[in-house]
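Taking it in order: structure first as structure tokens, then the write-up.
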Amino acid sequence: MLSGRRVRAAGSSRSGRHAADSDRQVAWPSRRAVIAGGIGAGVLLAVPVAAAEAKPGSGSTTSGDPWYAFLYGTPGSSPYPGGSFVAAKSPASASSAASAPFQLASQLAATPVPSPDGTTVALVTVAGTTVTLNLVGKTTATTSKQGTLALAGVPSDASILATPVFAPGTTTVALVLAITVPTTGGTLRKTDPRSGTVTTGTATTWKSHHVLAYFDSSTGTFTGPFDLADEPALALTTAAANGSSLLLWTTPEPQAADYSKSSPKATVLSTVSAYPLGSGQSSFAVPSLAPWPVGEPVVTLASGDAARLVYGRDLQVCSAQTGDISSQTLAPLNVARAKPSAITMQARPDGTLFITKPGIGTAFIVDPSSSFAVTAQVSFPVPQAPASAPWSKAVLSSAGDTLYVLGGASSGGVSAYDMSSGALNASYTQGGLQYGGLSVLPNGNVLAVGPAHPRLTFFSPELSLLGTADTSLQIAAVF
């Protein structure tokens with residue numbers, strides 16, 4: 001997690017050390033270039049790079065043909081690539097050839113975010129201090145709206161982390177920006193423990209604060225930006241929106257000087273604030289329960305409140321009116337021993353929540369209107385790598401009646417379960433081939449992502465093989 005303030009050698013992620021050996025000056029890699037080198041780093045700290053124009057390739061269509069899967073990942077052609085966004089069209093049948101995937105955008109400044117209804121994906125790029133938001137249609141693979149936001153008073157070497165948040169039932173997309181500004185001063189020295197050689201660099205202090213802006217997808221215009229003036233703060237936030245407000249979790253920067261054994265200080269708590277859509281003035285700001293925001297799953301409930309899944313088992317529900325938080329442990333997740341695993345949570349059109357933790361081989365649905373009672377649950381063999389990217393190891397069909405999961409470590413392939421009974425309905429295996437992630441396309445077809453070429457395998461809803469396609473993208477997420 002990026003701290004709002006760190007002292008480090010310029011361009012290096014390690015602190016310098018002083019030694020009495022001979023010194024030499026070195027050209028350390030730029031911090032910006034290193035940050036751009038991986039999806040994980042790029043998600044936490046966006047790199048100011050130019051936006052790529054969205055240009056569909058030969059496999060695209062403007063007829064609304066709903067067969068697209070979207071892929072986000074790292075291209076292998078550059079030593080420090082940013083995130084790329086690629087569209088892949090499913091074959092209509094086993095007799096039709098799969099089209100080659102085509103790139104929609106590159107050098108993204110944040111992980112793409114799908115809309116609650118799954119019809120649109122928000123993409124963010126940053127060029128210097130200009131932030132661009134593109135809304136891409138899931139059934140057309142083209143940009144439906146684009147907006148540009150210029151940030152005044154932000155230095156060109158600032159780092160910008162952008163988080164788009166769809167407000168369900170509205171045309172508003174909130175944009176939460178964490179702006180981290182460097183201040184240089186002093187010299188750091190670092191000693192190579194094997195050779196004794198000392199290198200020197202400039203000490204840099206980084207401080208973060210947050211800015212809000214609101215994009216109207218009907219007009220293509222921004223309202224804001226609104227500076228929250230919360231420096232120094234941790235850059236990471238958690239955010240959710242309903243039809244009237246943005247709920248935002250932020251954390252003040254813990255200062256090392258405030259802590260000592262002789263003078264201990266109270267634990268730093270996050271703050272949850274509510275901002276009326278289009279405003280930079282909160283209607284309330286109250287302390288929040290631990291943990292600090294770290295990108296944990298959060299969804300908006302039908303009531304307008306926000307549900308935040310923490311510690312891998314607890315559901316915290318935050319009132320959109322007062323900020324009051326209630327917490328309960330979800331029984332299917334309360335397993336003492338579990339393989340490390342990603343956890344996903346999704347709000348469904350009927351108001352229920354779909355939650356899955358592949359590391360313990362479970363997926364279930366809870367009903368918020370009935371005190372989050374479990375209404376359906378499926379157990380399945382644990383996949384070979386439940387904690388690897390992409391995280392989507394188990395996905396629910398649009399109708400909510402079928403659960404698609406990666407096959408177990410011994411069998412591989414893909415399996416389909418009846419969500420209401422837990423019965424295995426269908427499976428596909430090919431010599432124990434292990435896939436890494438799954439996605440359900442708008443027309444019901446299923447995409448499985450593999451580690452080797454060809455990376456993409458398309459199935460019908462009944463798991464009949466439709467075809468394969470290849471991409472050089474190292475895939476981090478599937479939409």
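Identify, please: which residue in the stretch 63-83 is farther than 22 Å from residue 395 by Cβ and either in contact with a helix residue (DSSP H, G or I) (Cβ under 8 Å, 6 or more places away or on another chain) or buried (at least 23 other Cβ atoms within 10 Å of the Cβ) (or both) and is, among those, modelled with the lowest pLDDT? Restricting to residues being farther than 22 Å from residue 395 by Cβ and either in contact with a helix residue (DSSP H, G or I) (Cβ under 8 Å, 6 or more places away or on another chain) or buried (at least 23 other Cβ atoms within 10 Å of the Cβ) (or both), the top hit is 80.
A quick yes/no check of all residues on (1) in contact with a Gly (Cβ under 7 Å, 6 or more places away or on another chain); (2) modelled with pLDDT under 85; (3) surrounded by 22 or more Cβ atoms within 10 Å (Cβ to Cβ); (4) at negative phi:
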position: 140; (1), (2), (3), (4): yes, no, no, yes
position: 152; (1), (2), (3), (4): no, no, no, yes
position: 163; (1), (2), (3), (4): no, no, yes, yes
position: 198; (1), (2), (3), (4): no, no, no, yes
position: 203; (1), (2), (3), (4): yes, yes, no, yes
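Within the stretch 206-228, if we keep just the residues that are surrounded by 16 or more Cβ atoms within 10 Å (Cβ to Cβ) and β-branched (Val, Ile, Thr), the residue that is farthest from residue 277 (Cα to Cα) turns out to be 211.
Look at residue 244 and say whether it is closer than 25 Å to residue 345 by Cα, surrounded by fewer than 19 Cβ atoms within 10 Å (Cβ to Cβ) and out of contact with any strand residue (DSSP E or B) (no Cβ under 8 Å at 6 or more places or on another chain). Criteria not met by residue 244.
Let's see how each residue does on (1) modelled with pLDDT of 95 or more; (2) outside any loop (DSSP other than H, G, I, E, B); (3) within 22 Å of the chain's Cα centre (by Cα):
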site: 309; (1), (2), (3): yes, yes, yes
site: 312; (1), (2), (3): no, no, yes
site: 315; (1), (2), (3): yes, yes, yes
site: 322; (1), (2), (3): yes, no, no
site: 327; (1), (2), (3): yes, yes, no
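Of the strands (runs of 3 or more DSSP E) lying entirely inside the stretch 390-477, the ones with 3 or more residues being closer than 23 Å to residue 138 by Cα, among the aliphatic types (A, V, I, L, M) and without any contact (Cβ under 8 Å) to a residue 60 or more places away in the chain are found at 394-396.
Inspection of the stretch 408-419 identifies no residue that is within 22 Å of residue 298 (Cβ to Cβ) and in contact with a Gly (Cβ under 7 Å, 6 or more places away or on another chain).
Exactly one residue out of 302, 363, 342 is aliphatic (A, V, I, L, M), touching a residue at least 60 places away in the same chain (Cβ under 8 Å) and surrounded by 15 or more Cβ atoms within 10 Å (Cβ to Cβ): that is 302. Taken over the stretch 367-376, the criterion of being assigned to a strand (DSSP E or B), out of contact with any helix residue (DSSP H, G or I) (no Cβ under 8 Å at 6 or more places or on another chain) and surrounded by fewer than 15 Cβ atoms within 10 Å (Cβ to Cβ) is satisfied by 373, 375. When the stretch 377-389 is filtered for residues that are part of a strand (DSSP E or B) and surrounded by fewer than 20 Cβ atoms within 10 Å (Cβ to Cβ), the ones remaining, listed by number, are 377, 379. Flag not set for residue 355, criterion: touching a helix residue (DSSP H, G or I) at 6+ places or on another chain (Cβ under 9 Å), over 21 Å from residue 477 (Cβ atoms), free of Cβ contacts under 8 Å to residues at least 60 places away in the same chain and of a type outside the set (Phe, Trp, Tyr).
Residues that are assigned to a strand (DSSP E or B) and more than 28 Å from residue 302 (Cβ to Cβ) within the stretch 227-257 comprise 227, 233, 252, listed in sequence order.
Would you confirm whether any residue within the stretch 195-211 is more than 26 Å from residue 160 (Cβ to Cβ) and either free of Cβ contacts under 8 Å to residues at least 24 places away in the same chain or among the charged types (D, E, K, R) (or both)? Yes, the conditions are met somewhere in the stretch 195-211. Exactly one residue among 144, 115, 90 is surrounded by fewer than 20 Cβ atoms within 10 Å (Cβ to Cβ) and more than 19 Å from the chain's Cα centre (by Cα), and that residue is 144. Tell me yes or no: at least one residue of the stretch 170-190 is charged (D, E, K, R) and under 24 Å from the mean Cα position of the chain (by Cα). Within the stretch 170-190, none of the residues are charged (D, E, K, R) and under 24 Å from the mean Cα position of the chain (by Cα).
The values are calculated or read from the model by the stated rules, or taken from the named source; none is laboratory data. Note that the coordinates shown come from a computational prediction; the quantities given were computed from them, not determined experimentally. Heads up, the Cβs are rebuilt from the backbone with ideal geometry, glycines too, and the neighbour counts pull from every protein chain shown.
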